[in-house]
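To keep things clear, I will list the structure first and then write my remarks on it.
The values are calculated or read from the model by the stated rules, or taken from the named source; none is laboratory data. Fair warning: this is a prediction, and the values are worked out from it, not measured in the lab. All Cβ positions, even for glycine, are placed from backbone atoms using ideal geometry, and neighbour counts span all protein chains on display. Heads up: the accessible areas ignore ligands, DNA and RNA and are worked out on the full protein's heavy atoms, side chains in. Shrake-Rupley method; radii C 1.70, N 1.55, O 1.52, S 1.80 Å.
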Amino acid sequence: ADPGSDRRLVVVGNLPYAITGMIARNLVEQHRTIARVVVMVQREVAERWLALPGERPYGAPSVFLSAVYDIDHVLDVPRGAFHPAPKVESAVVQLTPRAVPRAEETPQLQAVVKAAFHQRRKTLRNALRSLFPDTTELDAALEAAGIDGQRRGETLSVEEFARLGALLPGNTSAG
């Protein structure tokens, strides 16, 4: 669909595990052209998409999808619903584009999310060191964003990730 037209796509499907990440990436990139998404995925994928900050499955897919979509669990699909039965459980989820995204996906947001989840057990301050030339700038950015650097990345909300991304050195949109 043309992003400037009133026509929006409804995406429906059973997503194979091997390409679910790539399709999710495209759904995020194309959210302005989509009216609704209803897909069946492996249950563990659905759990990642639906996870909230602080929950074990929360990660980059949770952040990027929930930045632009409201995500709802529709139903679980047991193995026995298929013949032959697969080795995994499935779930159906619905994604509805948010009228106003929680965050705009930028290279800065991508960098902060990637760094925060790269080594999940690190504190945010340690995880983000690769993005900031010196610790003084890092500490200033964390303070300006109102985020305790001793937290772990998996506890940050989409909005907190976006605030940090906007404060990356060299970001011309910061300030």
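Considering only the stretch 82-129, state which residues are open to solvent by less than 50 Å² (accessible area, probe 1.4 Å), of a type in the set (A, V, I, L, M) and assigned to a loop (DSSP other than H, G, I, E, B). Selection gives 103, 128. Reported count of residues in the stretch 69-81, each being in a loop (DSSP other than H, G, I, E, B) and either surrounded by 12 or more Cβ atoms within 10 Å (Cβ to Cβ) or modelled with pLDDT under 90 (or both), is 0. The numbered conditions (1) in a strand (DSSP E or B); (2) in contact with an Asp or Glu (Cβ under 7 Å, 6 or more places away or on another chain); (3) loosely packed, with under 14 Cβ neighbours inside 10 Å are all true for residue 12 except (2).
Only one entry of 41, 45, 74 meets the criterion of being of a type outside the set (Gly, Ala, Ser) and more than 25 Å from residue 153 (Cβ to Cβ), and that entry is 74.
Per the listing 165, 149, the residue uniquely open to solvent by less than 60 Å² (accessible area, probe 1.4 Å) and assigned to a loop (DSSP other than H, G, I, E, B) is 149. Summed over the stretch 53-62, the residues that are crowded, with 18+ Cβ neighbours inside 10 Å and over 13 Å from residue 21 (Cα atoms) give a count of 2.
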